[in-house]
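> Have a look at this one.
The values are calculated or read from the model by the stated rules, or taken from the named source; none is laboratory data. These numbers come from a predicted model, not from an experiment. Because the Cβ atoms are built from the backbone with ideal geometry, glycine has one as well, and the counts that use them run over all protein chains shown. To get the accessible areas, we keep the full protein, side chains included, count just its heavy atoms, and leave off ligands, DNA and RNA. Shrake-Rupley method; radii C 1.70, N 1.55, O 1.52, S 1.80 Å.
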Amino acid sequence: MIELPKAFTEEMKELLGEEYPAYLATYERPVRQGLRINLRKLTQEKWEALDPFGCEPVPWIQNGYYTEKEEGEEKGFGPSRHPYYYAGLYYIQEPSAMTPASRLLVNPGERVLDLCAAPGGKATELGCRLAGKGFLVANDISNSRAKALLKNLELTGLPNYYVTSEDPEKLRGCFPEYFHKILIDAPCSGEGMFHKEPQMARYWEEKPPAYYAGIQKRLILQGADMLRPEGMLLYSTCTFSKKENEEVIAFLLKERPDMEIIAPAPYKDFSKGFSLEGETEEINRQLEKCIRLFPHKISGEGHFAALLRKKGKPAKEKPAKEKSISLPLPVQDFLKMVTMDFSGGTFKMEGERVFFLPEGGKMPRLRYLRTGLYLGDVKKNRFEPSQAFAMALSPETFDSCIDLSSKDIRTLKYLKGETIDTSDLSAARKKGWQLVCVDGFALGWGKLNGGILKNKYYPGWRLM
């Protein structure tokens, strides 16, 4: 068992009382691994028919599953190396960490902000729930972490997102009362993850809950000010401390009286939020609507979530739209092979790069890593489609595909960047661009000529 900081164990004894021994015993059990399937690409029924890992459903997450082993049943592929991972069919995520995005009620067509989004476990789920309508702004102040976030959004196959790397204070100035839904998965002391990541316990004494509480209070005020009336904000942490959880929410309620807590979708083994000494009866009554996930009550690690709504009526909007450009002929010719819905959005070029911006208005000047769906590059008199574009497509939306089985050795060779012989496989066109798929799900691009597929899989994503 890991060595826990003494001050932490004393706080947990006070927090849990007679439940503390049951909590402590959870450090003796194995860590449960999980994956969350991408409902933009497949249904639960389809996944359960394909599932190579023998997954077990996470009972409080519609599309969440436990997977115990890194070794899969097919050719030794584990979840992080299986072709289905490269097809974006799932995101590997700790089961409790799936909770925040599942409890923020995102609807297609909304404007959604994930304020501290990297590496993307929650942003990818929020983006999927938009179903291609409206848009997601996924932000992380760390540029290096935002790059990992971008890859995961591309892998998921989303068409309607912006990735920014900005100080939340700057975002607050650009987006006053703008977003329908906001998620703040705040940086925290990580007490709920000591079991899964023991090294976090060593950092706790250097940066205890009091270190993070000020950061969290700034973030939640910034988020509340970017939320439109009638909108919802979900605040979450992977820690147990009242200082980082209930005290932050109580602070918000006093600083922003137009915010109120609402109860998220329940589950029988969730715990209620704790009351705070010295707070009013009304605030403590509201705090009970927060949810806590304790590892001795659910099969997962520790988490906290509070769902809030802003009172009032939103003002009428007069959105300013980006002007769409006339696309170069090579791009127009390529898009004739695509049946994706481009209505409502706009096309834009930055140098050779071509983008499709989602419907929803003109965006302010910010530090963007991505604005909309990156379609590809115009080079001389030809168009080279991007990996992100491939991941947003399917056999139903591109007119010529090479479909490989996950058990076919050529799938592995393709993911490693090798040229492959596909002369035994049918394709609508015998020459030119092909959407390469695994069991009907997009992996990337290839160029076919005489039965030989020249590999166009993005080098940065190749299986090593």
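> Straight-line reach from K456: which lysines have a Cα under 16 Å away, not including same-chain ones fewer than 8 places off?
K456 reaches K379, K413, K416, K431, K447.
> Further, regarding this structure: Of all the accessible heavy-atom surface of the stretch 291-396, with the other protein chains kept in place and a 1.4 Å probe, what percent is carbon and sulfur? Don't jump to the answer; show the numbers that get you there.
Working: 2620 of 5290 Å².
So the carbon and sulfur contribution to the accessible surface is 50 percent.
> Which of rounded, prolate, oblate describes the stretch 65-216, given a ≥ b ≥ c as roots of the alpha-carbon gyration tensor eigenvalues and a/c under 1.5 marking rounded, otherwise prolate only if a/b is larger than b/c? Write out the running numbers ahead of the final one.
Values: a/c = 1.99, a/b = 1.10, b/c = 1.81.
Here the stretch 65-216 falls in the oblate category.
> Sort 390-397, 457-464 by the packing proxy (mean of other Cβ within 10 Å over each peptide's residues), most packed first.
Values: 390-397: 19.4, 457-464: 13.2.
The packing order, highest mean first, is 390-397, 457-464.
> Right, next: What percentages, rounded to whole numbers, describe P(r) for the chain computed over all alpha carbon pairs with 10 Å bin width beginning at zero?
In order of increasing distance, the bins hold 4, 20, 28, 24, 15, 7, 2, 0 percent.
> At q = 0.16, 0.17, 0.25 Å⁻¹, what base-10 log of I(q)/I(0) does the Debye formula yield for the stretch 123-182 when every alpha carbon is treated as an equal point scatterer in vacuo?
Taken in order of the listed q values, log10 I(q)/I(0) reads -0.51, -0.57, -1.10.
> With θ set to phi - 60° and the Karplus curve 6.51 cos²θ - 1.76 cosθ + 1.60, what are the ³J(HN,Hα) couplings of the stretch 38-47 in order, to the nearest whole Hz, using x for Gly and Pro?
Per residue, the Karplus-derived 3J(HN,Hα) values read 8, 5, 6, 9, 7, 8, 4, 4, 5, 4 Hz.
> Also: I'd like the per residue volume of the convex hull spanned by the Cα atoms of the stretch 158-272, given in cubic angstrom.
Roughly 155 Å³ of hull volume per residue.
> Same structure again: Quick one: grab the alpha carbon gyration tensor of the stretch 243-300, order the square roots of its eigenvalues as a ≥ b ≥ c, and give me rounded if a/c is under 1.5, else prolate or oblate depending on whether a/b is larger than b/c.
On the way: a/c = 2.32, a/b = 1.86, b/c = 1.25.
It comes out prolate by the Cα gyration axes.
> By average Cβ neighbour count within 10 Å, what is the ranking of 113-120, 414-421 from highest down? Write down the numbers at each step before the final one.
Details: 113-120: 26.1, 414-421: 17.4.
Answer by packing, highest mean first, reads 113-120, 414-421.
> So what's the back-of-envelope 222 nm ellipticity for the chain, counting only DSSP H runs of four-plus at -39500 (n - 2.57) apiece and dividing by all residues, rounded to 500?
Working: 15 runs with 123 residues, N = 464.
When only DSSP H runs of four or more count, the value is -7000 deg cm²/dmol.
> Any idea how far apart Q332 and S423 come out in nm if each label point goes 7 Å out from Cα toward Cβ?
3.9
> Using a cut-off of 13 Å between beta-carbons, work out the net charge of the residues near F441 (Lys and Arg +1, Asp and Glu -1, F441 not included). Could the numbers behind the result be given before it?
Values: positive: R40, K41, K46; negative: E396, D403, D439.
Combined, the nearby Lys, Arg, Asp and Glu give 0.
> Using the alpha-carbon atoms, what tilt in degrees (0 to 90, nearest 10) does helix 209-226 show relative to the longest principal axis of the chain?
On a 0 to 90 degree scale, this one is about 60.
> Just flag the GluC sites (Glu not before Pro) in the stretch 184-232 sitting in loop per DSSP whose Cβ has no more than 16 other Cβ atoms within 10 Å.
Numbers: sites: E191, E205, E206, E230; in loops: E205, E206.
Here the sparse-neighbourhood loop sites are E205, E206.
> Treating cross-link reach as a plain straight distance, find the lysines whose alpha-carbon is under 19 Å from the alpha-carbon of K321, omitting any fewer than eight places away in the same chain.
K133, K348, K362
> Follow-up question, since we're still on this one. Calculate the all-directions average of the projected area of the stretch 290-425's alpha-carbon convex hull, and give it in nm². All intermediate terms of the calculation are to be shown ahead of the outcome.
Numbers: hull surface 61.8 nm².
Its Cα hull, projected and averaged over all orientations, spans 15.5 nm².
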